[in-house]
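Nothing in this text is a laboratory measurement; each read-out follows from the coordinates by a stated rule. Bear in mind the structure is a predicted one, so any value in this text is a computation, not a measurement. Please note: Cβ atoms are built from the backbone with ideal geometry, for glycine as well, and neighbour counts cover all protein chains shown.
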Amino acid sequence: MDAPQWLTPQEQRAWRAHLAAHRLLFLQLDRELQGTGLSLNDYEILVNLSESPGRRMRMSELADATIQSRSRLSHQISRMEAAGLVTRQDCEDDRRGTYAVLTDHGWDTIQRVAPDHVASVRRHFIDLMTPEQVSALEQTYAPIIEHLQAVRGAR
């Protein structure tokens, strides 16, 4: 077995900075959504549904889009269904498939909450960087995302 290739001090600082920034940003955005009755995960589901044709997505596609297990997504959709934000609908062409569908209440909720959420994303993330840094960040993450999606798909 080969010896591990330990991170250099700079690589370690970069890795830990990434973890801290991700966790702190997620917590802050989630905290700011609490007053709306939504979690950040709820918001992400509502956004995906609101941007989809017919405001609906197959549950399997929604799980992939939100990077959740099908089981976890199913539980979350059940909670959101109870709140009247989404509903489930059988797939006409596939008896085993189910759609998650945005309700009128869900649509009204995302329209009401989105402006404040976007302002929070700007305040706590985008506006802290120059346009060049935003571009560099996008370019930096693109190959990482592509690689991890390929690894995930290979399972």
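The overall shape of region 1-49 is prolate: from the C-alpha gyration tensor, with semi-axes ordered a ≥ b ≥ c, the ratio a/c is 1.5 or greater and a/b exceeds b/c. Applying both filters, DSSP loop and at most 10 other Cβ atoms within 10 Å, to the GluC sites (Glu not before Pro) of region 34-137 gives 92. Counting beta carbons within 10 Å around each of 125, 26 and listing the fewest first gives the order 26, 125. Computed from Cα atoms, the angle from the helix 70-82 axis to the main principal axis of the chain rounds to 50 degrees. Within the listed set 35, 84, 106, the residue fluctuating most in the Gaussian network model of the chain (springs between alpha-carbon atoms under 10 angstrom) is 35. Summing Lys and Arg as +1 and Asp and Glu as -1 over all other residues whose Cβ lies under 12 Å from the Cβ of residue 74 gives a net charge of +3. Maximal additional length on extending the residue 144-residue 70 stretch stands at 24.3 nm, based on 0.36 nm per residue less the C-alpha distance.
Between 72, 16, 123, find the one with the highest GNM mean-square fluctuation for the chain; connect C-alpha pairs within less than 10 Å. Looking only at 72, 16, 123, the largest GNM fluctuation is found for 16. Taken over region 35-114, the percentage of Cα pairs per 5 Å bin, counting from 0 up to the bin with the maximum distance, is 3, 16, 31, 28, 16, 5, 1, 0.
Fully extending the segment from residue 28 to residue 78, taken as 0.36 nm per residue of separation minus the present Cα-Cα distance, adds 15.5 nm.
For region 80-155 versus region 53-71, the spacing of their alpha-carbon centroids is 10 Å.
Oblate is the label for region 79-153, because the ratio a/c of its alpha-carbon gyration tensor axes (a ≥ b ≥ c) is 1.5 or higher and a/b is not greater than b/c. Only helices enter this figure: runs of n ≥ 4 DSSP H residues, each worth -39500 (n - 2.57), summed and divided by the residues of the chain, yield -21500 deg cm²/dmol at 222 nm to the nearest 500. Can you tally the net charge around residue 111? Count Lys and Arg as +1, Asp and Glu as -1, for every other residue whose Cβ sits under 15 Å from the Cβ of residue 111. Net charge in that neighbourhood comes out at -3.
Amide H to amide H distances under 5 Å link residue 103 with 86, 87, where only residues 5 or more positions off or on other chains count and H is placed in the peptide plane.
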